[in-house]
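Peer 1: Handing you a structure now.
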Amino acid sequence: MNVLPEWELLAPSSVDEVRAARAHHPGSRFLGGGTDLVVNLRRGIGDPPATLIDLNRVADLKGIEVAGEWIRIGAGVTIRELAQDPRVRASFPGLAAAAGSIAGPTHRNMGTVGGNLCLDTRCIYYNQSEWWRAANRYCLKYGGDICHVAPKSRICYATFSGDLAPALAVLDDAQIEIAGAQGARTLPLDSLYTGDGERYLALEPDELVVAVRARRPPALRTGYDKVRVRQSIDYPLAGVAAGVVREGDRLADLRLAFTGTNPRPLRLAGTEDLCGGALDDAVMERLSGLVRRQVMAMRTTFTSGHYRRHAAGVLARRLVRRLFDTT
Amino acid sequence: MIRLLTFRLNGRERTDAVADNVLLLDHLRESVGLTGTKTGCDGGECGACTVLVDGAPVLSCLTLAATVADRSVETVESLAEEGRLAFIQEGFHRKLGSQCGYCTPGLIMASEALLRRDPDPTEDAIRDALGSNICRCTGYVKIVEAVRWAAEAAAAGRAGATRSAAP
Ligand SMILES: Cc1cc2nc3c(=O)[nH]c(=O)nc-3n(C[C@H](O)[C@H](O)[C@H](O)COP(=O)(O)OP(=O)(O)OC[C@H]3O[C@@H](n4cnc5c(N)ncnc54)[C@H](O)[C@@H]3O)c2cc1C
Ligand code: SF4
Ligand code: FES
Ligand code: FES
């Protein structure tokens, strides 16, 4: 029998009820599929919440809308629904591929889009049992005062590992719809993440992710690929999303975004300088340079940071080549 | 907080007093007494705890019992009828898909969910559907054969053959 901290579980059925519940219970946390949060609660990671607000019965968090170039995905949509939706597979293949590569099939049946976007950052010194972390005197991210990955550092480098954020980041106008105590607001997806592994989200504690939306220009080809230790279940060691526009033999547009490397999803800067000509070895070499300079990959997994940075470059070049060559 | 939880378990409605912080896994094993569902890891890594909620596979070790109110939960105990193994159980037995047996209830429930939505799955479909379940003994080949055996036996059964007796 597992002994978990005491909390009260609330099961609201609308976003308004969630906001009201959150306002009345300041120490509460949102529960999606629980495939991240319940693991952490069981390991004593994070302060135990006095109240959990179960989002699984909130009707207005469900549903995927596809209209023209736009897609809008409710935060309560499961990863499996997103991966299998025929409209998503046809018009947003990169997003469908990213969803289909998350964890394993049972996890995808439980996990939600909101939970994936808000996924806690990860590190081998953090995603461990209570006694393991206690034996190491904890770390900066929770309960301690030193970073074991970079002992001189005052900030945490725990890695963002969600697969959906990069796939959304290569689309246009990716935005998060948020409901908080003060009302609704939208935030560019890029601004949802701080880049600090400890306080990784720019959300106020009372703010609920309601939906995410984005737009795919008709000519943009999208794809997703990742490497992991066990291909059927693990978090990414490196994941890459790409968006490519080909005009004749010319690379007209290129976007790349990474996960599993930095403390935030990384939209690679400078790719526009690679566009305008053929996709030749020189362009690929410059692409590798951008990856080497921006992809960080500290030793937060059992695999070395060097390997992950290298793998990120290999994946990116392969994926760009595949999307460019597809007819 | 403790509440009265009403849900369907293996086809029968029941109401239990359950605390909000109790995992479905622990409720099934410790309170209800159905120990077929296994605890294999400290959360989300192995699939030994897989049960069906409203027909779809779920990790009961990451599910709070209170969240299944008014839903239908099925465990491995629901499959055998009057002492006769279901085809999927018999498949694991005949094809040696089970060695130490610890992963077996979870794998059987994940397979059961697959066969309900796809009665004639390809090897790839089987491997995809069982991706959340880890087995340290069999090497998975025998498990894939077990699921294929069950699919074929069920098809033959629908064509008129009868269920075989429990071994
Ligand atoms: C073995 C294993 C492998 C995994 N592999 C991967 C992988 O390869 N790729 C990957 O991306 N993920 C992976 N995961 C993590 C996870 O399954 C998915 O990311 C899933 O989508 C998380 O969603 P959830 O609903 O279960 O999140 P939860 O655990 O319910 O929530 C996660 C966090 O988000 C917050 N939250 C949830 N919904 C909202 C909302 N609407 N608004 C604001 N905050 C919210 C919660 O409070 C919590 O802090 C893996 C998990 C396991 C156990
Ligand atoms: S990067 Fe450092 S501070 Fe952050 S979780 Fe890992 S060890 Fe802890
Ligand atoms: S007990 Fe291992 S996944 Fe549930
Ligand atoms: S039979 Fe032993 S773990 Fe699968």
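The values are calculated or read from the model by the stated rules, or taken from the named source; none is laboratory data. All values reported here derive from a predicted model rather than from experimental measurement. Glycine also receives a Cβ, built like all others from the backbone with ideal geometry; neighbour counts cover every protein chain displayed.
Peer 1: Going through the range B:61-88 one residue at a time, which ones are within 16 Å of ligand 1 (Cβ to nearest atom) and part of a strand (DSSP E or B)?
Peer 2: B:Leu64
Peer 1: Restricting attention to the range A:154-177, report how many residues are part of a loop (DSSP other than H, G, I, E, B) and away from ligand 2 (no atom under 16 Å from the Cβ).
Peer 2: Total satisfying the criteria: 4.
Peer 1: Residues that are surrounded by 19 or more Cβ atoms within 10 Å (Cβ to Cβ): list the strands (runs of 3 or more DSSP E) wholly contained in the range A:178-293 that include at least 2 such residues.
Peer 2: Counting at least 2 such residues, we get A:208-215, A:221-227, A:238-247, A:250-259.
Peer 1: Restricting the range A:47-75 to residues that are within 13 Å of chain B (Cβ to nearest Cβ) and within 11 Å of ligand 1 (Cβ to nearest atom), which is farthest from A:Ala23 (Cα to Cα)?
Peer 2: Filtering first and then ranking leaves A:Asn56.
Peer 1: Would you confirm whether or not the range A:175-190 contains a residue that is more than 14 Å from chain B (Cβ to nearest Cβ), within 16 Å of A:Leu266 (Cβ to Cβ) and away from ligand 1 (no atom under 14 Å from the Cβ)?
Peer 2: yes
Peer 1: Report every pair of residues separated by at least 6 positions or lying on different chains whose Cβ atoms are under 9 Å apart, first residue within the range A:267-278 and farther than 17 Å from A:Val295 by Cα, second assigned to a loop (DSSP other than H, G, I, E, B).
Peer 2: Close Cβ pairs satisfying both conditions: A:Gly277/A:Asp249; A:Ala278/A:Asp249.
Peer 1: Given the condition surrounded by fewer than 24 Cβ atoms within 10 Å (Cβ to Cβ) and either in a loop (DSSP other than H, G, I, E, B) or free of Cβ contacts under 8 Å to residues at least 12 places away in the same chain (or both), answer yes or no: does some residue in the range B:102-114 qualify?
Peer 2: Within the range B:102-114, one or more residues are surrounded by fewer than 24 Cβ atoms within 10 Å (Cβ to Cβ) and either in a loop (DSSP other than H, G, I, E, B) or free of Cβ contacts under 8 Å to residues at least 12 places away in the same chain (or both).
Peer 1: Of everything in the range A:137-173 that's of a type in the set (S, T, N, Q) and crowded, with 24+ Cβ neighbours inside 10 Å, which residue is nearest to ligand 4 (Cβ to nearest atom)?
Peer 2: The selected residue is A:Ser161.
Peer 1: Hey, can you tell me all the residues within the range A:119-139 that are within 10 Å of ligand 1 (Cβ to nearest atom) and either touching a strand residue (DSSP E or B) at 6+ places or on another chain (Cβ under 6 Å) or assigned to a strand (DSSP E or B) (or both)?
Peer 2: The one that is within 10 Å of ligand 1 (Cβ to nearest atom) and either touching a strand residue (DSSP E or B) at 6+ places or on another chain (Cβ under 6 Å) or assigned to a strand (DSSP E or B) (or both): A:Arg122.
Peer 1: Condition first: more than 16 Å from ligand 2 (Cβ to nearest atom) and either in the same structural domain as A:Asp163 (by TED's automatic domain parsing) or more than 22 Å from A:Lys62 (Cα to Cα) (or both). Now tell me which residues in the range A:27-43 satisfy that.
Peer 2: A:Gly27, A:Leu41, A:Arg42 - these are the residues of the range A:27-43 that are more than 16 Å from ligand 2 (Cβ to nearest atom) and either in the same structural domain as A:Asp163 (by TED's automatic domain parsing) or more than 22 Å from A:Lys62 (Cα to Cα) (or both).
Peer 1: Show the residue pairs meeting these rules: Cβ distance below 8 Å; 6+ apart or different chains; first residue within the range A:53-64 and without any contact (Cβ under 8 Å) to a residue 60 or more places away in the chain; second residue of a type in the set (Gly, Ala, Ser) and assigned to a strand (DSSP E or B).
Peer 2: Between residues of the range A:53-64 that are without any contact (Cβ under 8 Å) to a residue 60 or more places away in the chain and residues that are of a type in the set (Gly, Ala, Ser) and assigned to a strand (DSSP E or B), the close pairs are A:Ile53/A:Ser28; A:Lys62/A:Gly74; A:Gly63/A:Gly74; A:Ile64/A:Gly74.
Peer 1: What tally of residues in the range B:34-70 results from selecting those that are at the interface with chain A (Cβ under 8 Å from one of its Cβ atoms), touching a Lys or Arg at 6+ places or on another chain (Cβ under 7 Å) and buried (at least 17 other Cβ atoms within 10 Å of the Cβ)?
Peer 2: 2
Peer 1: Does B:Leu28 fit the bill of being of a type outside the set (Lys, Arg), more than 10 Å from chain A (Cβ to nearest Cβ) and either over 25 Å from A:Arg43 (Cα atoms) or exposed (fewer than 15 other Cβ atoms within 10 Å of the Cβ) (or both)?
Peer 2: no
Peer 1: Does any residue of the range B:15-37 turn out to be touching a helix residue (DSSP H, G or I) at 6+ places or on another chain (Cβ under 9 Å), within 15 Å of ligand 3 (Cβ to nearest atom) and touching a residue at least 60 places away in the same chain (Cβ under 8 Å)?
Peer 2: yes
Peer 1: Given the residues A:Gly104, A:Gly76, which is the only one that is within 16 Å of ligand 4 (Cβ to nearest atom) and surrounded by 18 or more Cβ atoms within 10 Å (Cβ to Cβ)?
Peer 2: A:Gly104
Yes/no matrix, rows are residues, columns are (1) under 24 Å from A:Arg230 (Cβ atoms); (2) more than 16 Å from ligand 3 (Cβ to nearest atom); (3) modelled with pLDDT of 95 or more:
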| position | (1), (2), (3) |
| --- | --- |
| B:Glu77 | no, yes, yes |
| B:Glu90 | no, yes, yes |
| B:Arg127 | yes, yes, yes |
| B:Ile134 | yes, no, yes |
| B:Ala159 | no, yes, no |
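Peer 1: For the range B:33-61, what are the residues that are more than 17 Å from A:Met110 (Cα to Cα) and within 16 Å of ligand 4 (Cβ to nearest atom)?
Peer 2: Those that are more than 17 Å from A:Met110 (Cα to Cα) and within 16 Å of ligand 4 (Cβ to nearest atom): B:Gly36, B:Thr37, B:Lys38, B:Thr39, B:Gly40, B:Cys41.
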